[in-house]
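J.: Supplied in structure tokens, the structure appears directly below.
The values are calculated or read from the model by the stated rules, or taken from the named source; none is laboratory data. Here the structure is a predicted model, which is why all the values come from computation and not from measurement. Cβ placement follows ideal geometry from the backbone for every residue including glycine, while neighbour counts extend to all protein chains displayed. Accessible surface is based on the protein model in full, side chains and every heavy atom, while ligands, DNA and RNA are left aside. Shrake-Rupley method; radii C 1.70, N 1.55, O 1.52, S 1.80 Å.
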Amino acid sequence: MNSSTSETKTTKDETSTQRPLPEQMVHLNKAWSEASNAYDKSQANPYLGNFVAAPNANQFAGFQNAIDWSTGAARNTANTMGGAGAGQLAAGTAGQTAALNGLQTAAGTDYTQSNIDRANQYASGQNVSAIVDAGMYDARRQASESTLPSLYRNAAGSGNLNSDRTALAEGVVNRGLAEQAQNLSATTRANLFTQGLTMAQAQNSQQLGALAAAGSLGSTVAGQGYTGTQAGFDNTGKALTAQQAAGMGLQGLDQSVLDNDLKRWYAQYQQPWNNLQEYYKITGDLKGGTTHTVGTGTSETTSTPSMLSTIGQGIGMFGSLFCDRRYKTVHSGQIGTFNEIVPTYLFSYNHAPDVLHVGPMAQEVQAVRPDAVFEHDGMLHIDLTKF
């Protein structure tokens, strides 16, 4: 902004004053008027529509379904998997423990003596006599039905039926049968012992194999149980994550509604203040003048009211020029024309003789445009809004 400047110096202080030139006031007033019109238009036509796309029922339903699923079916499935896994883990661990105990017991057992005892027990438990009788049946039948009758017939034919020779022959036959029975009995007992020993060894191998299989199966079941337990735990976490995500989604939808309402409120109630701030950017720095005093003592800065600060005082103090000739000292003849109506002069105000200004005289404007001049506090002012 152009201005005239005057300086007054003393031994202690230096003072400088800047004010708008009178001819600048026309343009400043025009700027204010245009800013005021723009403000009024923006004030009268604020945007009151939506600023955020409103969520729809399907979105709410989708998030609610996700919450229901995560707290219902998903959680139940996870709990079932975890429970089954925990049961398998417990059963498998118990099986492993039992198998280990069995193997430890087997490791401390004397299987040689145990097998012998069990073989003897097996052999003694069989009816050896019946087995021998069954084995001797044919031999005894042969002796009674063929061998001895033939011996008796030969002895009777020779007249020696009761002779020692006949008795000796009969004794040989019976002794042979007895020896055969004893041999068969011994063989039978030996075979039964061997069979019992073989069966005991087979049973031991079978038991050890069963313990090993039980331990392996227990390890497998325990591993499956651990996997199932872990899967149940992981799925529970996923269900919780899904529940949290769905909850945050619902919160986001609700928040979008609040955000939209807030922005609409802002547009309705706050935007005019923003418009006013923009208005101030245009007109708020149009100072009536600034005085700076700097010296060896205190320093202070004072400002005359800006044009905006006088809005409430009416057009008599704003949009006007203080142009009363009675308070001026003219330093030249006509140097221009004010609004192509009256002359303009180089002058100073009586209260600040060292500061020069250029402008018209209110009395001359009053002579040709009385409607454009008004009096305020005993001083004449030119109403710039009339031009």
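J.: Look at the range 336-352 and say how many of its residues are open to solvent by 30 Å² or more (accessible area, probe 1.4 Å) and either in a loop (DSSP other than H, G, I, E, B) or at pLDDT below 85 (or both).
T.: Count: 7.
J.: Can you confirm whether GLU375 is within 14 Å of ARG325 (Cα to Cα), crowded, with 17+ Cβ neighbours inside 10 Å and not basic (Lys, Arg)? First the steps, then the outcome.
T.: Values: within 14 Å of ARG325 (Cα to Cα): yes; crowded, with 17+ Cβ neighbours inside 10 Å: no; not basic (Lys, Arg): yes.
Taking the combined requirement at face value, the residue does not satisfy it.
J.: From the residues in the range 353-372 that are of a type in the set (Val, Ile, Thr) and modelled with pLDDT of 90 or more, which one is nearest to the chain's Cα centre (by Cα)? Spell out the reasoning first.
T.: Residues of the range 353-372 that are of a type in the set (Val, Ile, Thr), as a first pass: 355, 358, 365, 368.
Of the ones still in play, those that are also modelled with pLDDT of 90 or more are 365, 368.
Working: VAL365: 77, VAL368: 80 Å.
So, considering only residues that are of a type in the set (Val, Ile, Thr) and modelled with pLDDT of 90 or more, the one nearest to the chain's Cα centre (by Cα) is VAL365.
J.: Would you mind finding the one in GLN121, GLN126 that is touching a helix residue (DSSP H, G or I) at 6+ places or on another chain (Cβ under 9 Å), modelled with pLDDT of 85 or more, of a type outside the set (Val, Ile, Thr) and not in a helix (DSSP H, G or I)? Break it down stepwise before answering.
T.: Working: GLN121 fails: not in a helix (DSSP H, G or I).
Residue meeting the stated conditions: GLN126.
J.: Residue check: is ASN101 surrounded by 14 or more Cβ atoms within 10 Å (Cβ to Cβ), assigned to a helix (DSSP H, G or I), modelled with pLDDT of 85 or more and on the phi < 0 side of the Ramachandran plot?
T.: No; evaluated as a whole, the condition is false for this residue.
J.: Does ASN174 satisfy being surrounded by 11 or more Cβ atoms within 10 Å (Cβ to Cβ), at pLDDT below 85 and of a type outside the set (Asp, Glu)? Explain how you work it out, then say what you get.
T.: Working: surrounded by 11 or more Cβ atoms within 10 Å (Cβ to Cβ): yes; at pLDDT below 85: yes; of a type outside the set (Asp, Glu): yes.
So ASN174 fits the description; yes.
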